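Below is one structure; the comments refer to it alone.
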Amino acid sequence: MENNTIATSSRRAHCLVLAFPAQGHINPMIQFSKLLVHEGVKVTLCTTRSFINKLQNLPSSMSLESISDGFDNGFEEAGSPKTYVEKFLQVGPQTLVELLENLSQLGNPVDCIIYDSFMPWVLDIAKKNGIFGASYLTQNMSVNSIYYHVQLDKIKVPISDNSEDEILLPAMPKLQKGDLPSFFFSYEEEPTQLKLLVDQFSNIDKAHWILCNSIYELDKEISEWTTKIWPKFKTIGPNIPSMILDSRIKNDQDYDIAQFKTENCIDWLDNKPKWSVIYVSFGSMVPLNEEQMEEIAYGLRDSDHYFLWVVRASEKNKLPKDFAKKSEKGLIVKWCAQLKVLRHEAIACFVTHCGWNSTLETLSIGVPTITMPQWSDQATNAKYIVDVWKVGIRAPFHDDEKKKIVKRDALKKCIVEMVDGEKGNEIRENAIQLKKLILEAASVGGSSHKNILEFVKSLQGSTC
Ligand code: UDP
């Protein structure tokens, strides 16, 4: 760290927080940035040019900058993940170096880059420039461990077709094939995605810190194991707005940082009884096929409960004809302020794709879930939700495992079990206990808060 001067000067440490351009990546990094600002750190938030331009309602407590991925008019221009990642690797590093130089010339040098672990190349640039590098893991610890074991060659891809195989990894429950991230099975079609995820760990042991958007107590065994293999590992989650947790940050009202326009559904929820509405969302990316959309639609209708369903604009034409108009008990929106919705007392449960942010949000608010994982890390998150934390019910796929469709009757059965059944009460009780544990970890004196303070302190040079 020969160029690092914060240890000896009184100026505030300056972090460049560099997020991968996806909603589920920038959301937690913004929330983490706000906590750093609260602790006296200066933050510049950065992602790709095209993505930052799409985002609405970014917080004013930090500066904004961008780098280029080579597709400044939108990543759609890339045409394939492979082209996108290759171009990003060519253009990203160069534009990041230019940005660091500019900031330095403007008298605003960067002391530490907190970079999304999807971009391990940032660490090399940080080191070359005498800057600290902190890898920020946006996914759950169990998922990180799975990819790390692929990196170590301890899990071979492709996985054998024998469905009896169980995967045993340290500090984790036995995993069936179906609990693994989807890229293990779509390896032929999506090799770029698996490589991107495995490469996160190519140089992670050289990072100055490894920060993970999770909670130590949520899974002590894997937290302890991870801390042993990476002594610089720290859990700093859940990175969700502080108003959901201990309201440490005053006037923290940003429900709506998003690339989509939020529709108001709170008035609709206000008129519904307590615990009467099923909230359904599959996050910002995953597409469903028409058959699955139809089964969900009729499963919701047949359950005879109120429902609020987020169907993104790109998915709308897959809905059964006139379904939205005819659904007396349902409201379909293109995007909502999810945290506001989950907090609403009318919500009975969340039918979710189990993206890690949605998972942390629902755990932190104490809303029970019905799991319908589709892609990426979601199946592993679902395994933990159902079998480890016991705060959800798994919506089973139809017998034809390859098609991975949840039929309407299966969804209806889960809804009835959750809202009207004994099991639902047990699950709600577990969810409330877990919510308490998370709140404790995130509040002043809790494990995540202590880790954030330690990180800020070491950034100032006193212990690093
Ligand atoms: N989200 C939202 N409104 C919606 C749907 C999703 O604000 O209508 C937010 C949600 O709160 C979460 C993020 O989008 O913070 C989705 O991230 P997640 O990791 O759950 O899924 P991904 O989009 O990465 O698949």
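The values are calculated or read from the model by the stated rules, or taken from the named source; none is laboratory data. What you see is a predicted model; the values in this text were computed from it and never measured. Cβ placement follows ideal geometry from the backbone for every residue including glycine, while neighbour counts extend to all protein chains displayed.
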| task | Considering only segment 248-276, state which residues are over 23 Å from the mean Cα position of the chain (by Cα) and either away from the ligand (no atom under 16 Å from the Cβ) or farther than 29 Å from residue 54 by Cβ (or both). | result | 250, 251, 267, 270, 271, 272, 273, 274, 275, 276
| query | Which ones in segment 184-233 are among the hydroxyl-bearing types (Ser, Thr, Tyr) and free of Cβ contacts under 8 Å to residues at least 12 places away in the same chain? | reply | 186, 227
| query | Residue check: is residue 24 in contact (Cβ under 8 Å) with a residue 40 or more places away in the chain and assigned to a helix (DSSP H, G or I)? | reply | yes
| query | within 23 Å of the chain's Cα centre (by Cα), within 16 Å of the ligand (Cβ to nearest atom) and of a type in the set (Lys, Arg), is that true of residue 428? | reply | no
| remark: Looking across segment 374-414 at residues that are in contact with a His (Cβ under 6 Å, 6 or more places away or on another chain) and either within 22 Å of residue 438 (Cβ to Cβ) or not basic (Lys, Arg) (or both), the single one that is surrounded by the most Cβ atoms within 10 Å (Cβ to Cβ) is 378
| query | For segment 115-156, which residues satisfy the criterion of being surrounded by 19 or more Cβ atoms within 10 Å (Cβ to Cβ) and charged (D, E, K, R)? | reply | 116
| In this structure, is residue 245 at pLDDT 95 or above and either under 23 Å from residue 51 (Cβ atoms) or within 16 Å of the ligand (Cβ to nearest atom) (or both)? | no
| note | Over segment 89-114, the set of residues of a type in the set (D, E, K, R) and surrounded by 16 or more Cβ atoms within 10 Å (Cβ to Cβ) is 111
| request: Output the residues belonging to segment 294-308 that are of a type outside the set (Gly, Ala, Ser) and more than 26 Å from residue 25 (Cα to Cα). | output: 294, 295, 296, 298, 300, 301, 302, 304, 305, 306, 307
| note | The residue that is farthest from the ligand (Cβ to nearest atom), considering only those in segment 93-132 that are closer than 19 Å to residue 12 by Cβ and in a strand (DSSP E or B), is 132
| So which strands (runs of 3 or more DSSP E) stay within segment 309-422 end to end and still have 3 or more residues that are within 16 Å of the ligand (Cβ to nearest atom) and within 23 Å of the chain's Cα centre (by Cα)? | 347-352, 369-371
| task | Determine, yes or no, whether residue 388 is more than 24 Å from residue 196 (Cβ to Cβ) and touching a strand residue (DSSP E or B) at 6+ places or on another chain (Cβ under 8 Å). | result | no
| query | Of (1) surrounded by 16 or more Cβ atoms within 10 Å (Cβ to Cβ); (2) away from the ligand (no atom under 16 Å from the Cβ); (3) basic (Lys, Arg), residue 11 satisfies all except one. Which? | reply | (1)
| said: With the requirement that a residue be of a type in the set (Asp, Glu) and without any contact (Cβ under 8 Å) to a residue 12 or more places away in the chain, what does segment 288-337 give you? | reply: 322, 328
| Here is a list of conditions, (1) of a type in the set (Ser, Thr, Tyr); (2) out of contact with any helix residue (DSSP H, G or I) (no Cβ under 7 Å at 6 or more places or on another chain); (3) away from the ligand (no atom under 16 Å from the Cβ); (4) under 20 Å from residue 122 (Cα atoms), and residue 80 meets all of them except one; can you say which number that is? | (4)
